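Heads up, the thing below is written out as structure tokens.
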Amino acid sequence: MTSGCSIVWFRRDLRVEDNPALAAGVRSGKVLAVFIWAPEEEGHYYPGRVSRWWLKQSLSLLNSSLQNLGTTLITKRSTDSVSSLLDVIKSTGATQLFFNHLYDPISLVRDHRAKEVLTENGIAVRSFNADLLYEPWEVLDDEGRPFVTFSSFWDRCLKMPYDPQPPQLPPKRIISGDLSRCPSDTLVFENDSERGSNALLARAWSPGWSNANKALTTFINGPLLDYSPNRKKADSATTSFLSPHLHFGEVSVRKVFHQARTKQILWANEGNKAGEESVNLFLKSIGLREYSRYMSFNHPYSHERPLLGHLKFFPWVVDENYFKAWRQGRTGYPLVDAGMRELWATGWLHDRIRVVVSSFFVKVLQLPWRWGMKYFWDTLLDADLESDALGWQYISGTLPDSRELDRIDNPQIDGYSFDPNGEYVRRWLPELARLPTEWIHHPWNAPEYVLQAAGIELGSNYPLPIVTINAAKARLQEALTHMWQQEANSRAIIENGTEEGLGDSSEDPPIAFPQDMQMELDQEIVRNRTIRHYEDQMVPSLTTSLFRVEEDEEESSSDNRNLAHDNGRAEVPNDVLNRELLREPVRREDFGAQSVLPQFNIQIALRNSDDSPAESSSGPTSRRERDGGVVPVWSPANSSYSEDNSYLQRYPQINWRQLSQTG
DNA sequence: CAATTCTTGAA
DNA sequence: TCAAGAATT
């Protein structure tokens, strides 16, 4: 085979501009652009309907751009990306693979495996940073350790001794490898029942990298100036609307950063303080996205467990009716309900409202936060595991710089500050449309004649509050007391040396998932059925494809726990392993300043891969294993709450207990 | 003018 | 809750 035919493996970098992997491929000669659709690899995080809709559009636009440049996107349907890469390599004789880094736990493991397996097969593999201003391992404190609060992290990012890579132009031309030897699979992203709902999306959104650039330009030259004063408004089009574009890598975050910074300098020179401040705030939200990758890299389990270990003892309320009421927008709190209706209808929510609904979910309903996160994952157009995990952890009080654990936001008060005239509520809750502003955020206080005039019958066509704020406060206090008590008990056990560690919540029987997560707006919401569960939560399933996967699994109820861990709920290398990772010097590729992911120096992580010893034989055979094994098997040995403790102990200067305990 | 109360917003 | 800044006395 001739040298120089390389594969550019597209994933969440669906752009031709400022795409280092593509640029490297083009530089090295003939290019085959490949996209592999292997959603089963994501386990529970099988992409939701709207997210798949976006991906479909985005790929089709990427393909037209590639065709203009001289090649065609090869698409493959797979359950194992790495074997599909090998197949493509074998059929085309490619000698090199280029791809851009991802930082979610599943990708970290999968990409590492790809590197190992392909290198063994004589393929030169190179990977690049295309998703971040700085790689996670570049941003460290003075002792060389990762930051644990966002503001310290972001301060350092803004003061790094070198600037982020400037964005690169798209290639002028791509010399295509031999496409005839590698036919594409037709990828199916939606089923018939989804198609109808998706049709509406196209009215509001234009996926694809060139549209992403348009959205960026529109934002930089328009709403950016007033980003700061407008950030409180739930209802106006004042955000950048870049998040889904950024999720799929349709626009490079460095380009966004450079353009915003350029504007900022311009405004600073004009003495435009407000504009300068707006850019700071906008960049901060870009910074949060960076931080979510940073967290995911440094704490790969953060999408499924609280970072602060004591949350393990929080007695979540497991009530499917609560959960359903929240999803349907029938909690009786207009701002929350409006948000949930908008989310369902459009796949979109303003950041403020995301905070309102998720805070309500965790603090008022006290439902397990991972359920809420999973629902966001299934319904958001910009669903992003790293960002959403960070957001939910922030709301749940499980990060050192989270909101206070005992803080309950009041949707009534938030309502009057984010939606002072009630327009947002009226738009999404037509049943309240005729209620005067005075009562729009607390209809339960409205006099009977007002309700009558507005055509509202509380408890009938609009619900009474599912839980009162006062009841929620009392219940939260009780739960926190319980949590700290349990935590102290557990600490005492460790100090007595009777047990190895804090144990793991997965030893307990898991909380069953709600089976029915469909929208049934007319279903009566049953109240007074509050059951407390003192165990860790499992993620509920939503998509039909997930149901299918689970039904495949024959399991007795005693196998449930293993199911949770082996079947797709990918467990990842833990903190220790990653710190191991960080200790390694960052390697640089010879051909430039692009850094590569440090080698995963771990055996456990890949225990399940083809070439590893049959260590996993002890567990029940899981779908993962049958599929060839992509994701590491979770085991208490490599992932436990004692890790979370070490997270705390590394920062003794912070009084952790006080930070999140009630005063 | 400084002291003190109020308001706002928080990754 | 609490710190910072605005407003008030």
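General observations
- Segment A:Thr262-A:Gln486, length gained on full extension (0.36 nm per residue, minus Cα span): 75.4 nm
- Ratio Rg/Rh [Cα only; Rh per Kirkwood] for segment A:230-297: 1.00
- Cα shape, segment A:269-377, gyration tensor, a/c 1.5 rule: oblate
- 19 Å cut-off, amide nitrogen to a point 7 angstrom out along A:Asp155 Cα→Cβ, residues in segment A:401-430: A:401-403
- The alpha carbons of segment A:146-208 occupy a box of 49, 38, 24 Å along the principal axes, longest dimension given first.
- Relative contact order computed over segment A:145-261 (Cα-Cα under 8 Å; 6+ residues apart), in percent: 30 percent
- Burial ranking of peptide ranges A:74-85, A:26-37 (average Cβ count within 10 Å, highest at the top): A:26-37, A:74-85
- Of the three principal axes defined by the Cα atoms of segment A:368-435, the extents in descending order read 41, 28, 18 Å.
- Relative contact order (percent, whole number), segment A:250-406, Cα cutoff 8 Å, 6+ residue spacing: 22 percent
- Dipole size of segment A:318-376 about its Cα centre, with +1 on Lys/Arg Cβ and -1 on Asp/Glu Cβ: approximately 80 debye, rounded to the nearest 20.
- Calculated on the Cα set of segment A:391-498, radius of gyration then Dmax: 20.0, 67 Å.
- Placing R0 at 41 angstrom, the Cβ-Cβ distance between A:Asn272 and A:Ala202 gives a FRET efficiency of 0.65 after rounding to 0.05.
- Segment A:325-453 - Rg (one decimal) and Dmax (whole number), Cα, Å: 14.8, 48
- Residues whose amide H comes within less than 5 Å of that of A:Leu32, counting only those at least five positions distant or on another chain, are A:Ser6, A:Ile7, A:Val8, A:Gly177 (H built at 1.01 Å from N in the peptide plane).
- 20 Å reach of a label modelled at A:Thr186, 7 Å along Cα-to-Cβ, counting backbone N of segment A:58-74: A:58-64, A:72-74
- Cα gyration tensor shape for segment A:1-59, rounded if a/c is under 1.5, else prolate or oblate: prolate
- Unsatisfied cross-links (Cα-Cα over 22 Å) in the set A:Lys232/A:Lys374; A:Lys76/A:Lys374; A:Lys30/A:Lys115; A:Lys312/A:Lys363; A:Lys56/A:Lys324: A:Lys232/A:Lys374; A:Lys76/A:Lys374; A:Lys56/A:Lys324
- Prolate/oblate/rounded label for segment A:1-155 (Cα gyration tensor, a/c 1.5): prolate
- Once the chain from A:Ala474 to A:Asn230 is taken as fully extended at 0.36 nm per residue, the excess over their C-alpha distance is 84.4 nm.
- Using a Förster distance of 45 Å, the FRET efficiency for A:Ile175-A:Glu423 (Cβ separation, nearest 0.05): 0.25
- Summary of the geometry: segment A:441-494 and segment A:31-53, compared by the centres of their Cα atoms, lie 38 Å apart.
- 15 Å tail of the calculated P(r), segment A:25-107, as % of Cα pairs: 66 percent
- Extension gain for A:Ser193-A:Gln452 works out to 89.4 nm (0.36 nm per residue, less the C-alpha to C-alpha distance).
- Remark: C-alpha extents of segment A:267-320 on the principal axes read 54, 27, 20 Å, sorted largest to smallest.
- Calculated P(r) of segment A:184-341 - Cα pairs past 23 Å, %: 60 percent
- Near-label residues of segment A:299-325 by backbone N, under 15 Å of a point 7 Å along Cα→Cβ of A:Ile493: A:310-314
Each value in this text was obtained by applying a stated rule to the coordinates, not by laboratory testing. These figures come from a predicted structure and were not determined experimentally. Counting neighbours? That spans all protein chains shown, and the Cβs are built from the backbone with ideal geometry, glycine included.
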